[in-house]
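In what follows, a single structure is set out as structure tokens and then discussed.
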Amino acid sequence: MEVRQRRLFTEEYKRQAAELLVSSGRSIRAVGKELGLRGSVLRRCVEKLRQEPASATRRHNTQAAPMSADQAPEIARLREENERMPIERDILKSRSRSLPERGHELPLHRGPSRYLPGG
């Protein structure tokens, strides 16, 4: 049985995620997918945010600006790109090993074609 390592998120990250969810009006599932959070984690973050007194919420907002709704898609795109990059790198490495050495290239043209006019 494989044991999953528990990921830890800072309180500030959780607060910003909850604020994004509340301000964007999108579903928990959609925002959670973009941020890499489970719906249950996001729900708890929103509940905790709602239980905080208004003065505490304002105090934290002055320390760091919350993530805006237009930043979430960009973050999701960058996460997907970061996941793809090692795969693409490995593909390119394996292709470079299988390419012939300089001077041993295959000819691109093997003479006149019987399918082309004049060939």
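The values are calculated or read from the model by the stated rules, or taken from the named source; none is laboratory data. Note that the structure is a prediction, hence the values are computed from the model and not measured. Ideal geometry is used to build each Cβ from the backbone, glycine not excepted, and the neighbour counts take in all protein chains shown.
Brief remarks on what is shown
- Considering R89, R79, R59, the condition of being part of a helix (DSSP H, G or I), out of contact with any Asp or Glu (no Cβ under 9 Å at 6 or more places or on another chain) and at pLDDT 65 or above is satisfied by R89 alone.
- Residues of the range 1-23 that are of a type outside the set (D, E, K, R) and crowded, with 16+ Cβ neighbours inside 10 Å: Q16, A17, A18, L20, L21.
- Residues that are under 17 Å from R79 (Cβ atoms) and assigned to a helix (DSSP H, G or I) within the range 22-39 comprise R29, A30, V31, G32, K33, E34, L35, listed in sequence order.
- Any chance A30 is modelled with pLDDT of 85 or more, in contact with a Cys (Cβ under 8 Å, 6 or more places away or on another chain) and of a type in the set (G, A, S): no
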